[in-house]
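Structure first, commentary second.
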Amino acid sequence: MLDFENKTIIITGASEGIGRALALELAPHGPRLVLAARNRERLASLAMQCEVAGAETLVCICDVTGPGNCKSMVKQSIERFGQIDILVNNAGATMWAEFNEISDLLIFREIMDINYLGAVYCTHFALPYLLKSQGLIVAVASVAGLTGIPSRTGYAASKHAMVGFFDSLRIELRKTGVDVSVIAPDFVVSQIHRRALKGDGQPMGESPIQEKRIMSAEDCARLIVGAIEKRQRLLITSTRGKLGRWLKLIAPRLIDRIAERAIRLRR
């Protein structure tokens with residue numbers, strides 16, 4: 001089991017949702033938290049909460065779509081704390097439109113840049129230090145990275161890319177002491193849904209999800225901390241997601257219907 005005290009943990013996408021909840025869940029264990037996102041004000045308030053709870057913090061303003069930004073974040077982390085023990089690739093974006101409704105194809109590039117390439121960039125620059133610490137890479141993907149999801153084609157594609165990349169990297173790192181944990185949440189209450197891109201590339205402005213019927217970010221964070229402690233290979237946070245992993249193999253049309261129903265009911 002991992003002991004988080006004095007461990008340096010980078011969390012991207014830390015200002016809201018799962019990332020914020022994860023930082024607050026880890027803080028009482030005494031880690032050194034590198035809180036990375038684009039919103040300085042939200043990161044500053046999070047840092048204050050984490051420090052009160054018992055963590056040391058470093059705020060990094062970072063847009064993960066730029067390799068230089070990711071390199072700078074890692075450099076700042078090393079300059080401040082001297083090591084990296086855990087990298088949590090959590091920064092993300094989503095969309096909500098059927099493919100035939102999309103008029104702005106740049107949606108697909110934007111989501112891939114944030115969800116997939118951002119995780120690749122951060123991992124690339126952090127890996128030399130993770131090799132030294134025999135650390136852990138955490139990839140916050142989605143159940144959408146394990147099966148198809150209607151109205152989320154670009155999002156599902158980016159999360160499939162994440163899963164493929166980190167599953168492959170795990171094999172490459174097998175003898176190094178560095179482990180890879182893939183996290184596959186189902187729907188979670190988060191600002192990401194309000195910022196979901198419509199077919200014209202504009203944010204929705206309000207969540208399309210029935211948020212009272214889905215998992216809270218805090219509950220999701222607790223499950224992730226448990227997976228990190230065990231250096232767990234894969235965490236699927238819902239019964240529906242776990243069932244879907246097997247139904248895809250033995251009853252693929254049924255899992256298609258389940259995914260379609262989930263989107264129709266918005267939960």
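The values are calculated or read from the model by the stated rules, or taken from the named source; none is laboratory data. Here the structure is a predicted model, which is why all the values come from computation and not from measurement. Here the Cβ is made from the backbone with ideal geometry for all residues, glycine too, and neighbour counts use every protein chain on show.
Residue count for the stretch 246-255 satisfying the condition of being of a type outside the set (Phe, Trp, Tyr) and surrounded by fewer than 16 Cβ atoms within 10 Å (Cβ to Cβ): 6.
Among the residues of the stretch 51-100, which ones are acidic (Asp, Glu) and closer than 18 Å to Arg195 by Cβ? Residue satisfying the conditions is Asp63 alone. Residue count for the stretch 140-153 satisfying the condition of being surrounded by fewer than 23 Cβ atoms within 10 Å (Cβ to Cβ) and not in a loop (DSSP other than H, G, I, E, B): 1. Would you pick out the residues in the stretch 223-239 that are of a type in the set (Val, Ile, Thr) and in contact (Cβ under 8 Å) with a residue 24 or more places away in the chain? Result: Ile224, Val225, Ile228, Ile236, Thr237. Applying the criterion of being among the acidic types (Asp, Glu) and either within 16 Å of Phe4 (Cα to Cα) or in contact with a Leu (Cβ under 6 Å, 6 or more places away or on another chain) (or both) to the residues of the stretch 25-53, the residue that is surrounded by the fewest Cβ atoms within 10 Å (Cβ to Cβ) is Glu51.
Just one of the listed residues (Leu26, Leu2) is assigned to a helix (DSSP H, G or I) and within 19 Å of Arg231 (Cα to Cα), and it is Leu26. Of everything in the stretch 5-23 that is assigned to a loop (DSSP other than H, G, I, E, B) and surrounded by 23 or more Cβ atoms within 10 Å (Cβ to Cβ), the residue that is farthest from the chain's Cα centre (by Cα) is Ser15.
Looking only at the stretch 247-267, filter to residues that are out of contact with any Lys or Arg (no Cβ under 8 Å at 6 or more places or on another chain) and of a type in the set (Gly, Ala, Ser); which one of those is farthest from Met215 (Cα to Cα)? Of everything passing the filter in the stretch 247-267, Ala251 is farthest from Met215 (Cα to Cα).
Conditions (1) under 17 Å from Gly13 (Cα atoms); (2) surrounded by fewer than 21 Cβ atoms within 10 Å (Cβ to Cβ); (3) touching a residue at least 24 places away in the same chain (Cβ under 8 Å); (4) in contact with a strand residue (DSSP E or B) (Cβ under 9 Å, 6 or more places away or on another chain), marked per residue:
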{"residue": "Leu58", "(1), (2), (3), (4)": "yes, yes, yes, yes"}
{"residue": "Ile61", "(1), (2), (3), (4)": "yes, yes, yes, yes"}
{"residue": "Gln76", "(1), (2), (3), (4)": "yes, yes, yes, yes"}
{"residue": "Leu87", "(1), (2), (3), (4)": "yes, no, yes, yes"}
{"residue": "Phe108", "(1), (2), (3), (4)": "no, yes, yes, yes"}
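The single condition from (1) under 14 Å from the mean Cα position of the chain (by Cα); (2) farther than 24 Å from Gly148 by Cα; (3) not aliphatic (A, V, I, L, M) that Asp219 fails is (1). For Ser181, the conditions (1) polar (S, T, N, Q); (2) within 25 Å of Glu16 (Cα to Cα); (3) at pLDDT below 95 are fulfilled apart from (3). When you scan the stretch 6-15, do you find a residue that is out of contact with any Pro (no Cβ under 9 Å at 6 or more places or on another chain) and over 19 Å from Lys159 (Cα atoms), even just one? The answer is yes; a qualifying residue exists.
Filtered by the rule that a residue be closer than 12 Å to Val180 by Cβ and either surrounded by fewer than 22 Cβ atoms within 10 Å (Cβ to Cβ) or not small (Gly, Ala, Ser) (or both), the stretch 118-139 gives Thr123, Leu127, Leu130, Leu136, Ile137, Val138.
Residue count for the stretch 171-188, restricted to those that are surrounded by fewer than 20 Cβ atoms within 10 Å (Cβ to Cβ), over 13 Å from Gln134 (Cα atoms) and either among the acidic types (Asp, Glu) or in contact (Cβ under 8 Å) with a residue 24 or more places away in the chain (or both): 1.
Restricting attention to the stretch 197-221, the residues being over 16 Å from Arg267 (Cβ atoms), surrounded by fewer than 14 Cβ atoms within 10 Å (Cβ to Cβ) and in contact (Cβ under 8 Å) with a residue 40 or more places away in the chain number 1. Helices (runs of 4 or more DSSP H) fully within the stretch 193-267 that include at least 2 residues being acidic (Asp, Glu): 217-229, 252-265.
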